[in-house]
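Student: First the structure, which I've put down as structure tokens, then a few questions once you've had a look.
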Amino acid sequence: MSAPVTIETKPASPPIEKIRIKVDGREIEVPKLMPDWQGKLQPTTMLQACALAGVEVPHYCYHPKLPVAGNCRMCLVEFGTPMIGPDRKPLLNEDGTPKIARSALPYEPTTPRGAIACATPISPGMEIYPGSPATKQMRESVLEFLLINHPLDCSICDQAGECKLQEYSVDYGQAASRFVEAKVHKPKAVDLGPRIVLDDERCILCSRCVRFTKDIVGDDALGFASRGSYNTLTHHPGRPFDNNYTLNTVDICPVGALTSKDFRFQMRVWFLKETKSICTSCGTGCNIVIGSREEKIFRYEPRQNDAVNACWMCDAGRLNYKWVGRPDRLTQVLSRKSGVLSPTTWTSALNEIAGKLKNAPAGSVAIVASARQTNEELWLLSKLKSKLGAISDSVPRAGEGDKLLVNADRNPNTNGARLTGIAAEPMGSNLPKIAEGIRNGGIRTLIVFGEDVTKNGIGADLLGKLETLVVSDILPNETTRLAHYLLPGCAHAEKRGTFTNVKGRVQKFMKAVEPPGDARPEWEFLHELVFNVTGQNGFVTIEGLFNQMAKEVPAFNGLTWAALGDTGVTAPI
Ligand code: SF4
Ligand code: SF4
Ligand code: FES
């Protein structure tokens, strides 16, 4: 295994020097240097310059977060450079404009010769012709070549709808094929590893998957075998393709060669609704897109955020979504009457809880929150804490981290719990005090959000001693079974809110699917409870709630919901 690459999390310094070039006759000024795949400044390429000019150069092997390979040739463009005389001075046309030498074959000066835009740096006065007949012809030829052995099975291919071969064939290809020979048949439905299936016939040998696995993950698992038409992607003999980042190769494979066992044949991609969200499986907070249809989640995909996860996410986080649609989700508001949990309404449950909290003697209430809750929910709990003089904490959750993305903190919002004042310092250190308080009778009311406290030192015997146990959760556990009031909450995919990741990045997520039954976003009913207990109001929208929180929590001062944008803002933590 070669050394893994650490993802650049700081934006590169802005390039200063600009140079003038022309793209299809339009003069533009572009930076001489631009960030490469590692964020280091390198000479700007023709592909980058065209993108700045708003002109797409089709490409397969190029990916902005991978080293350049230059092997697919799809980005070939015709170009020209200013001519220089024997005196090393620019040659000029009669009208004073510089004479341009268009790239051509040296032995056939009238035949244009392209250069690959992904690897060719620009130079002052250069002219790029992405729309010229010569460029068009080069693209048609490359596509014709790539399609020679391609099976053309779009109708049954999982990539249909997001396949670059399909799209470029429509945009830049030609209608007819001149190929009359038999196609080379390569292995189909190869079991590459526990999560990936490979269809070698569809592979265009762009090597994106090979470079990602080697240069980003540091795992030399993939490579090419055989030559010429028989050149085939394969994994290292006797070693399955199995690291925690394999599913990123499915995202970056421009065709349907690599497919995810979890998602393949589950849903046509054009039916999926896409919602911007955040992974909640560790403290990194990778930016994701949730693909859902008819209130069911079908997949998570990474969303680019160079300050957090570049374009990647881990397999464990990506596949951690099925619990959202579990059939045993808590869906009813329940209150305990004569020892039995029975259905009730949100209004009466919240009124009864508020009544009990208002009459609770100071120091007799404890709150165990969860660092899986949002900043807004934790802040509302902190309002209850202040009003009631309660002791509070939240539950730490640790795992093994890696050098790429996975953080050892498995809570998505440890910093939110700290900054809102709900978590003790260190987190979890108040849990034994709460247990002792219940044991000695000082604590008679316990509010628990999103945690099974019986697994964290507050056992069922102690919960049985409480006068009032208010629990909000998503899935059943020992604590929810013992609750006096059970308030069904929402998964992050069912509500809006913000998390603060391990580096202080405050990021918002949006609602993808409806919650089941009577379940409601926790911030909504916490707002009602806070109003009933403290009389404080004004937090009826998530935007207003966040903006108010940002005014009151010092680390969030100056932030607004709108200013968070899609990729968040880093708070001083
Ligand atoms: S499997 Fe996909 S990403 Fe890998 S080389 Fe083939 S086309 Fe490229
Ligand atoms: S690294 Fe963490 S936040 Fe990112 S996808 Fe994996 S579990 Fe989710
Ligand atoms: S994108 Fe493949 S050669 Fe440039």
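Student: Mind checking the full-extension length gain between residue 316 and residue 551? Use 0.36 nm per residue of separation minus the Cα-Cα distance, one decimal, nm.
Tutor: So the extension gain works out to 81.0 nm.
Student: Can you give the relative contact order of the range 155-276 as a percent, counting alpha carbon pairs under 8 Å and 6+ residues apart?
Tutor: Relative contact order here is 33 percent.
Student: Spin-label point model (7 Å from Cα, Cβ direction): what's the residue 326 to residue 273 distance in nm?
Tutor: My value for the distance between the label points is 2.4 nm.
Student: Once you order the gyration tensor axes a ≥ b ≥ c over the Cα atoms, which shape class does the range 315-419 get: rounded for a/c under 1.5, otherwise prolate or oblate by comparing a/b with b/c?
Tutor: Working: a/c = 2.96, a/b = 1.46, b/c = 2.03.
Taking the square roots of the gyration eigenvalues as a ≥ b ≥ c, the range 315-419 is oblate.
Student: Quick check: the angle from helix 133-146's long axis to the longest principal axis of the chain, C-alpha only, nearest 10 degrees?
Tutor: So the inclination is approximately 70 degrees.
Student: Based on the Cβ-Cβ distance from residue 17 to residue 467, what FRET efficiency comes out when R0 is 56 Å, to the nearest 0.05?
Tutor: Numbers: r = 72 Å, r/R0 = 1.28.
Here the calculated transfer efficiency is 0.20.
Student: Set Lys and Arg Cβ to +1 and Asp and Glu Cβ to -1, take the dipole of the chain about its Cα centre, and tell me which of 546, 207, 169 lies farthest positive.
Tutor: About the Cα centre, the residue reaching furthest to the positive side is 546.
Student: May I ask for the distance between the Cα centers of the range 179-217 and the range 373-436, given as a whole number of Å?
Tutor: 45 Å
Student: I've got another one for you. Taking 35 Å as R0, compute the FRET efficiency from the Cβ-Cβ separation of residue 570 and residue 541 and round it to 0.05.
Tutor: Using R0 = 35 Å, I get an efficiency of 0.90.
Student: Which length gain, in nm to one decimal place, applies between residue 56 and residue 336 when the Cα-Cα distance is subtracted from 0.36 nm times their residue separation?
Tutor: Fully extending the segment from residue 56 to residue 336 adds 94.5 nm.
Student: Taking the Cα-to-Cβ direction at residue 242 and at residue 436 and moving 7 Å from each Cα, how far apart do the two end points lie in nm?
Tutor: The answer from the label model is 4.6 nm.
Student: A further question follows. Just subtract the alpha-carbon distance of residue 29 and residue 94 from 0.36 nm times their residue separation and send over the number in nm, one decimal.
Tutor: Extra length available between residue 29 and residue 94 comes to 20.9 nm.
Student: For the chain, what relative contact order do you get, as a whole percent, if you take Cα pairs closer than 8 Å and at least 6 residues apart? Walk me through the numbers before you get to the answer.
Tutor: On the way: 1189 pairs, mean separation 62.3, N = 573.
Relative contact order, the chain: 11 percent.
Student: Say each of residue 162 and residue 231 gets a label point 7 Å from the Cα, pointing the same way as Cα to Cβ; how far apart are those two points in nm?
Tutor: Distance between the two pseudo-spin positions: 2.7 nm.
Student: Report the calculated FRET efficiency for residue 534 and residue 425 (r = Cβ-Cβ distance, R0 = 25 Å), to the nearest 0.05.
Tutor: 0.50
Every read-out reported here was derived from the displayed coordinates using simple, explicitly stated rules and does not represent laboratory data. Here the structure is a predicted model, which is why all the values come from computation and not from measurement. Ideal geometry is used to build each Cβ from the backbone, glycine not excepted, and the neighbour counts take in all protein chains shown.
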